[in-house]
Amino acid sequence: MSSCHKLSVLICLFSTSLFIVGGCKQELPGVDESLNEYLDSIYAANSIEAGIMIHVECPDKNISWTAARGFSDKKTRQPLMADQPVLIASNTKTYVAAAILKLIEQGSFSLEQSIDTLLSPGSALLLREDGYDLSSITVRHLLSHTSGIHDYVDDHYFDAVNESPDREWTRDEQIALAIQVGDPLGMAGEQFQYADVNYLLLTEIIEQQTDLSFFRAMRNILDYEKHGLRHTWFVNLEEAPTEAKPLAHQYWKKLNWDSYEINPSWDLYGGGGMVATTTDVARFFQLLFEGHIIQDDELLAQMHTYVLPQETSVYCLGIRHINFNGASGYYHGGFWGTDVMYLPKLNCTVAIFSLQREERELNATINKDILQIIENAEIAD
């Protein structure tokens, strides 16, 4: 969509969102309808192949809007439902980070504690034998991807998954693969290198501290039930909620992937693996950054405080602190096209899932335009 067309859509939506009677502004037809009209225009203008799902959660403005357009299955042309769950991939990292910080809040360990006594004995031995000084790597380093530990996810890994899509991977295999494919990247704290292996090690720490499988421990620590996260679970590791709809298909053209045809164990043990609806993900982000999950304000602030200079890395602790359209945004994305961002300025969360991975390029534009509609509604009020 051209910038001129986008602007005309926004002007049209704004002009129809209110009218003047006797000098008084009245909402017509309202923010929800404006958002629906906008989504219709975006969907029609961009020839979206699969589907797009959005949830907007802005409690201060009484906005809780969910919508979807397109298909949950491109082959059968099954219509996409707004409350269908999907694999949220690396958005899982924010949940893992929150669980770790919650354990810190409870006094189990500290951010600056070295991981040498926190990991499972097997993983600790593997890392030491590969030359890692575990006494110099802290929990903060794992959370911020500054541990210097080499990752296992590379082109060869994708080739292996592609060649054996039904393979059942284990976390131990993936950690061992990280040791096999590369040497230490450098001293901990010196550089940022995004690596799923950091979060596999964090789920080990959760297990070591709780004596529970990490996915069960996270459900307890983050209290899904209390917070209304009724459509959130780890695929293959937990039973889907009885009322949950079937997962929507997700696609990647480069390797001709359909998420239904790939064993999800390739991305399951903390680097990814969670399933959720847009509503649940947006609600989680909203509750998290409003302080309803981690009550310690100083500890929560660490989550979005830069670990390295901002020019070097905007990744903090399980979240990216970005500049979005001139304002701070706390953001994470996932492999399959799942993007979620909390805007402190508006106390608002927007979750956008593009089911065709390549179409996620639209997500940032959609996010910007949605926030503009919300701000226009605020002006109208």
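Consider Ala178 carefully, then state whether it is touching a helix residue (DSSP H, G or I) at 6+ places or on another chain (Cβ under 7 Å), modelled with pLDDT of 95 or more and not acidic (Asp, Glu). Steps first, please.
Numbers: touching a helix residue (DSSP H, G or I) at 6+ places or on another chain (Cβ under 7 Å): yes; modelled with pLDDT of 95 or more: yes; not acidic (Asp, Glu): yes.
It is true that Ala178 is touching a helix residue (DSSP H, G or I) at 6+ places or on another chain (Cβ under 7 Å), modelled with pLDDT of 95 or more and not acidic (Asp, Glu).
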Completion exercise
Log entry, pairs with first residue in the stretch 238-251 being in contact (Cβ under 8 Å) with a residue 40 or more places away in the chain, second being surrounded by fewer than 18 Cβ atoms within 10 Å (Cβ to Cβ) and of a type in the set (Phe, Trp, Tyr), beta carbons closer than 6 Å, six or more apart or on different chains, reads His249/Tyr260
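Do we have Lys25 as basic (Lys, Arg), open to solvent by 30 Å² or more (accessible area, probe 1.4 Å) and modelled with pLDDT of 95 or more here?
In short, no.
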Practice task
Select from the stretch 233-279 the residues that are surrounded by fewer than 24 Cβ atoms within 10 Å (Cβ to Cβ) and of a type in the set (Asp, Glu) and write down the one among them that is nearest to Trp65 (Cα to Cα).
Solution key: Glu243
Practice task
Would you mind stating whether Glu190 is of a type in the set (Asp, Glu), in contact with a Gly (Cβ under 9 Å, 6 or more places away or on another chain) and within 20 Å of Ser114 (Cα to Cα)?
Solution key: yes
Exercise for the section: Would you mention how many residues in the stretch 54-98 are small (Gly, Ala, Ser) and farther than 23 Å from Ser34 by Cβ? Expected result: 5
Handout entry: Complete set of residues in the stretch 189-222 that are in contact with a strand residue (DSSP E or B) (Cβ under 7 Å, 6 or more places away or on another chain) and either free of Cβ contacts under 8 Å to residues at least 60 places away in the same chain or crowded, with 24+ Cβ neighbours inside 10 Å (or both)
Key = Phe215
Handout entry: Tally of residues being in a helix (DSSP H, G or I) and either modelled with pLDDT of 95 or more or crowded, with 19+ Cβ neighbours inside 10 Å (or both) across the stretch 46-76
Key = 1
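The values are calculated or read from the model by the stated rules, or taken from the named source; none is laboratory data. What you see is a predicted model; the values in this text were computed from it and never measured. Note that each Cβ is placed from the backbone with ideal geometry, even for glycine, and that neighbours are counted across all protein chains shown. What goes into the accessible areas is simple: the full protein's heavy atoms, side chains included, and nothing from ligands, DNA or RNA. Shrake-Rupley method; radii C 1.70, N 1.55, O 1.52, S 1.80 Å.
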